[in-house]
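The values are calculated or read from the model by the stated rules, or taken from the named source; none is laboratory data. It should be emphasised that the depicted structure is a prediction, and the values quoted were computed from it without experimental measurement. We place every Cβ from the backbone using ideal geometry, glycine too, and count neighbours over all the protein chains shown. With ligands, DNA and RNA removed, areas are computed over all heavy atoms of the protein, side chains included. Shrake-Rupley method; radii C 1.70, N 1.55, O 1.52, S 1.80 Å.
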Amino acid sequence: MTNIDSFLNGRDGVTALSDHNARITCMRLFPLSETSLFRSETQRKENVLVTSSCDHSIRLWWKGSCQRCFRGQNGPVLTLSDKLLGDGSAKVLASGGEDGTVRLWSLSSSGKRGQHALKATLYGHEKPVKLMSVAGHRTSLLATISKDSKVRVWDTTTSSAVRSSCCVGMTSVPGAPVDVKCCESLLYVAAGSSVVAIDLRTMQKVITVAIYQPKLCSFAIVPSKPLICTGGIDKAKLWDIRINQETLKPEPVAELDGHTGPVTLLHMDPYKIVTGGPEDSYINVWETDTGAQTNSFICCPSDAASSSSGMGCSAMAVNGTRIVTASYGEEHGLVCFRDFFNATCAVSKREDVLASKFWDPQSYSDGDAYS
């Protein structure tokens, strides 16, 4: 973890969290107030970091150290829920494992080792659980998809005395899973070369939102707008859900062209879309409503890029006007932090052309603060 303010002021703001002894598979930020560590209103804006690992464990980090360790998965833990389950103070974290199980963990339990934190083990998937998302209309519902593209929906408030009794819906989609996201009562599943919307109340496919040949590489959606974005080879595409409800063959409203190789990194909020990929050293920024390109910048400093040929972007995080990119070359890796809060114009290919500012001063924030 890097504290940006400390780093910019010349202090060592780097903290190594090294308790895991195998590859980290997933990282999530959750409000501290939804855990047993919350003590006072002064901590209301603080977050905890939760990580899963191939070492069969889940760890909860706060103030630079591991506060909880949850064990119980019979194999690597592959994914964590995007939100916490439940409405009241007893929030629950869901995890998916290579063993095909979904496990529910109480974040209100105390104890350094996470004793008694395992609330339930849900059985039903036959292959490793790859992705999961919490329903928007009912926070007790959890949608999961396994490596064989089988989708299950679980009611996490139901007793699990019978191993599969929590499963309240099943379906499947063609192609390898890419991403899933719940918006109210709909589950959007990106798999293979298409994105489909499934009604969680009936488990019926409502609409095919996007078709991207030969395959999808990434997917993002903004709940407040009827738009989705998909990443493919050399470009991303913007789709309007309303338009595609009227046709069997969905068409994009804009093509976000200009990348090299697969667009695997994709962020979307009400104002902007940010795209990147492992074979392209540039990050591109686009307007969400129109798909018009507003900015492009290299993901690592120019001197490092020139010394490491073919350096692309391997990871990206966006929060409002702040963008963090990570890249690696043959000899070293780089993490670059940028804050565009005071940006006055987009980067233009022509020095004599001034473009409009691509973020307003009061910009959108994901609500996930990071160090």
*When residues of the range 4-41 are filtered for being closer than 24 Å to Leu85 by Cα, polar (S, T, N, Q) and out of contact with any Ser or Thr (no Cβ under 6 Å at 6 or more places or on another chain), how many remain?*
3
*asked:* Against the conditions (1) more than 18 Å from the chain's Cα centre (by Cα); (2) under 22 Å from Ser133 (Cβ atoms); (3) not acidic (Asp, Glu), where does Arg44 fall short? Just the number, please.
replied: (2)
*Would it be correct to say that Ser172 is at pLDDT 95 or above and not aromatic (Phe, Trp, Tyr)?*
yes
_Residues that are within 18 Å of Ile273 (Cα to Cα), more than 18 Å from the chain's Cα centre (by Cα) and either open to solvent by less than 40 Å² (accessible area, probe 1.4 Å) or hydroxyl-bearing (Ser, Thr, Tyr) (or both): does the range 229-237 have at least one?_
yes
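Every residue, every condition in (1) at pLDDT below 95; (2) within 25 Å of Ala135 (Cβ to Cβ), yes or no:
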{"site": "Asp55", "(1), (2)": "no, no"}
{"site": "Ile58", "(1), (2)": "no, yes"}
{"site": "Trp61", "(1), (2)": "no, no"}
{"site": "Gly64", "(1), (2)": "yes, no"}
{"site": "Cys69", "(1), (2)": "yes, no"}
{"site": "Thr79", "(1), (2)": "no, yes"}
{"site": "Asp82", "(1), (2)": "no, yes"}
{"site": "Gly88", "(1), (2)": "yes, yes"}
_Residue within the range 150-163 that is of a type in the set (Val, Ile, Thr), surrounded by fewer than 22 Cβ atoms within 10 Å (Cβ to Cβ), over 22 Å from Lys83 (Cα atoms) and at pLDDT 95 or above present_ = no
*Just name the residue that is nearest to Cys183 (Cα to Cα) out of those in the range 255-280 that are under 18 Å from the mean Cα position of the chain (by Cα) and of a type in the set (A, V, I, L, M).*
Met268
*Determine the pairs where a residue that is among the aromatic types (Phe, Trp, Tyr), located within the range 292-306, has a partner that is surrounded by 12 or more Cβ atoms within 10 Å (Cβ to Cβ) and modelled with pLDDT of 60 or more with Cβ atoms under 6 Å apart, the partner being 6 or more residues away or on another chain.*
Phe297/Ile283
_Residues of the range 185-238 that turn out to be part of a loop (DSSP other than H, G, I, E, B) and among the polar types (S, T, N, Q), as a count_ = 5
_Considering only the range 115-131, I want to know if a residue exists there that is charged (D, E, K, R), in a loop (DSSP other than H, G, I, E, B) and surrounded by fewer than 19 Cβ atoms within 10 Å (Cβ to Cβ)._
yes
*asked:* Just to be sure I understand, how many residues within the range 75-98 are in a loop (DSSP other than H, G, I, E, B) and either open to solvent by less than 50 Å² (accessible area, probe 1.4 Å) or farther than 15 Å from Thr25 by Cα (or both)?
replied: 12
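Which is free of Cβ contacts under 8 Å to residues at least 60 places away in the same chain and among the polar types (S, T, N, Q), of Thr79, Thr35, Thr2?
Unique residue meeting the criteria: Thr79.
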*What is the number of the single condition among (1) without any contact (Cβ under 8 Å) to a residue 40 or more places away in the chain; (2) over 21 Å from the mean Cα position of the chain (by Cα) that Pro252 does not meet?*
(1)
*Looking at the range 19-27, is at least one residue over 29 Å from Ala190 (Cβ atoms), in contact with a strand residue (DSSP E or B) (Cβ under 8 Å, 6 or more places away or on another chain), among the charged types (D, E, K, R) and part of a strand (DSSP E or B)?*
no
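Being crowded, with 18+ Cβ neighbours inside 10 Å and over 24 Å from Leu141 (Cβ atoms), is that true of even one residue in the range 1-21?
Yes, because at least one residue in the range 1-21 is crowded, with 18+ Cβ neighbours inside 10 Å and over 24 Å from Leu141 (Cβ atoms).
Considering each residue of the range 233-248, count those that are charged (D, E, K, R) and either modelled with pLDDT under 90 or under 16 Å from Ile207 (Cα atoms) (or both), and give that number.
3
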*asked:* When you check Pro214 against the structure, is it modelled with pLDDT under 95 and either more than 22 Å from the chain's Cα centre (by Cα) or at positive phi (or both), yes or no?
replied: yes
*Qualifying positions in the range 53-67 - open to solvent by 30 Å² or more (accessible area, probe 1.4 Å) and of a type outside the set (Lys, Arg)*: Cys54, His56, Trp62, Gly64, Ser65, Gln67
*Checking Lys215 against (1) more than 13 Å from Ala190 (Cα to Cα); (2) surrounded by fewer than 19 Cβ atoms within 10 Å (Cβ to Cβ), the condition it does not meet*: (1)
*Select, from Phe38, Phe70, the only residue that is aromatic (Phe, Trp, Tyr), open to solvent by less than 60 Å² (accessible area, probe 1.4 Å) and not in a loop (DSSP other than H, G, I, E, B).*
Phe70
